[in-house]
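The values are calculated or read from the model by the stated rules, or taken from the named source; none is laboratory data. All of these numbers come straight from a predicted model, not from anything done at the bench. Glycine gets a Cβ as well: all are built from the backbone with ideal geometry, and neighbour counts include every protein chain shown. When the accessible area is computed, the model is the full protein with side chains, heavy atoms only, and any ligands, DNA or RNA have been set aside. Shrake-Rupley method; radii C 1.70, N 1.55, O 1.52, S 1.80 Å.
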Amino acid sequence: MTGQPTRMRGNLGLLSIVLFGLAYMAPAVVTSTFGVIAATSDGAAPTAYLVATGAMLLTGLSYAKMARIVPSSGSVYTYARRMLDSRFGFLAGWAMLLDYLFLPMVAFLVQSIYLHAQYPSVPQWLWLVINIVAATVVNIIGLKVADKVNRTLLIAVTGCLLVLAVLCVRHGFGHGGTAAAGHALWNDATSISAITAAAAVAAYAFLGFDAVSTLSEEARDPRRTIPRGIVLTVLAGGVIFVVLSFVMQWAHPGGTFADESSAGYAVSTLVGGQGFADVANTITMLGGFASCVAIQASTSRLMFVMGRDNVLPRPVFGRLHAKLLTPVPNILIVAAVALPAMSLSLADATSFINFGAFLGFTLVNICVIAHAVRQWRSGSRPALLGFLILPLAGAAVDIYLITQLGSTATKLGLVWLAIGVIYLAVITKGFRRPTPELRLSTQDPATTSH
């Protein structure tokens, strides 16, 4: 890679980092998942989201610790190879690729489905192509443009959600009052087991907070900005999910709906009328585009770091555009992988994701514990609560979430891991050698902040 830039440009502040994480998570997802969470929790959706927020915050704190210790865009791939072993690092990155490669496919597919439903005169395949091309152009130009797009669309989505919240509160006061508000948190039908089951489903809404860690090389003062950004993203997302699900549950008590998958739209119609529901649906879809941009950006950066280390072929995956300093080949690969989404159902595409995500989350918690063990052996005394108890709790939660996945997702995940093990055996000559790694110089001119 002589003469080629090896690091990305650092120019993002804390607000941009948090907005990127929120755009990835897509705050409006709470409206599309509300029906399922409310039904599973027997009418206590905000309590389920509150439990899920606490559970995901455990792993978020571990990500924050590792981002401070290892400020690299490789996320769990880099953390595992530094704290455990280069071969574990490869498998961690490989597992997360299952999440990161197929999540763009799901994001673009959802966008095309909803846009086609709203504007049926345009074929669904054409909406898919339009979204992929637009997001690809934004990401190739760079995160400065992506940041502006995210800010604009998130402002629109946030405004829409605020209006929905106000309308739900008005409706709640007019139909049941404060007593119904209390029942939104807990009612006679609710149980601990129902809340736990609903929280396991609600945790999927947080997928993406970890993507903030892939921006370490593009953030100002990454050892401070990225850890804060990760925690703030989880907290901000949790507040949005809990508050909005609370007012929606207040407006529509209980967990019975004509169609759980469209319950959010039904609630919007109930409190604001058909016209408001249609406008809110359109704005939500615009926010979905911001999520597509963020997802494609983070995936391309994980692939770049693995390519830079040559565990994926460096000539393809480890290249940056000489002027834009964006991983253009990887951005195009993500776009190409997303194109076949039309041939998959949403359920099939989604099943690819969760196994890799929660396995990666588990490994991040283990990396924190491994770092603490190293510190204890060297004579240091890291905090027992922050470096052992909380990561153990986070790992336990993540393993529990893996057990909640369907058999199809688990089987696909294990097949993907098996392919990774075979590839790893080839590049390490039967596991006898460590995987390759590019050691970066701090004098790399591309590291300069702009």
Open item on the list: What distance in nm lies between label points placed 7 Å from Cα along the C-beta direction at Phe173 and Ser261?
Closed with: 3.7
- [ ] Counting only C-alpha contacts under 8 Å and six or more residues apart, can you give the relative contact order of the range 240-342 as a whole percent?
- [x] 14
TODO: Send over a whole-number figure in Å² for the accessible area per residue of the range 35-163, probe 1.4 Å.
DONE: 33
Task: Residues whose placed amide H lies under 5 Å from that of Leu12, excluding near-sequence neighbours - done: Ala219, Arg220
Task: ³J(HN,Hα) computed for each position of the range 244-249 - Karplus, 6.51 cos²θ - 1.76 cosθ + 1.60, integer Hz, glycine/proline x - done: 5, 5, 5, 5, 5, 5
Task: Gly255 long-range amide H proximity, modeled H, under 5 Å - done: Gly43
TODO: Calculate, in whole percent, how much of the Cα-Cα pair population of the range 42-170 lies beyond 21 Å.
DONE: 67
Task: Residue with peak Gaussian network fluctuation, the chain [Cα springs, cutoff 10 Å], from Val293, Val316, Val334 - done: Val316
- [ ] Starting from the Cα of Lys144, draw a straight line to each of the lysines and keep only those under 24 Å, dropping any in the same chain fewer than 8 residues away.
- [x] Lys323
Open item on the list: I'd like the Karplus ³J(HN,Hα) series for the range 262-268: coefficients 6.51, -1.76, 1.60, θ = phi - 60°, whole numbers in Hz, and an x wherever there's a Gly or Pro.
Closed with: 10, 5, x, 5, 5, 5, 4
Task: Debye, to nearest 20: dipole size of the range 134-261, +1 on Lys, Arg Cβ, -1 on Asp, Glu Cβ - done: 520
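Relative to the present Cα-Cα distance, how much length would full extension add between Leu332 and Ser191 at 0.36 nm per residue of separation?
On the way: separation 141, 0.36 × 141 = 50.76 nm, distance 4.71 nm.
Taking Leu332 through Ser191 to full extension adds about 46.0 nm, to one decimal.
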Task: Helix-only [θ]222 nm of the chain, DSSP H runs n ≥ 4, -39500 (n - 2.57) each, per residue, nearest 500 - done: -24000 deg cm²/dmol
TODO: Might you work out the accessible area of Met303 for me, using a 1.4 Å probe with all protein chains in place, and round it to the nearest 10 Å²?
DONE: 10
Task: Residue-by-residue Karplus 3J(HN,Hα) for the range 34-48, coefficients 6.51, -1.76, 1.60, Hz, glycine and proline x - done: 4, x, 5, 5, 5, 5, 5, 8, 6, x, 9, 4, x, 5, 4
Task: Electrostatic dipole magnitude of the chain [Cβ: Lys, Arg +1; Asp, Glu -1; Cα centre; debye, to 20] - done: 1980
Task: lysines whose Cα lies under 30 Å from that of Lys429, excluding same-chain neighbours fewer than 8 positions away - done: Lys411
- [ ] Select from Ala117, Ala357, Ala263 the residue whose mean-square fluctuation is largest in a Gaussian network model of the chain (Cα-Cα springs shorter than 10 Å).
- [x] Ala117
- [ ] Set the Förster distance to 45 Å, then compute FRET efficiency between Phe276 and Val421 from the Cβ-Cβ distance, nearest 0.05.
- [x] 0.30
Task: Inter-centroid distance (Cα atoms) of the range 314-328 relative to the range 14-43, Å - done: 32
- [ ] Report the extension gain between Gln375 and Lys144 in nm, rounded to one decimal, defined as 0.36 nm multiplied by the number of residues separating them, less their alpha carbon distance.
- [x] 79.4 nm
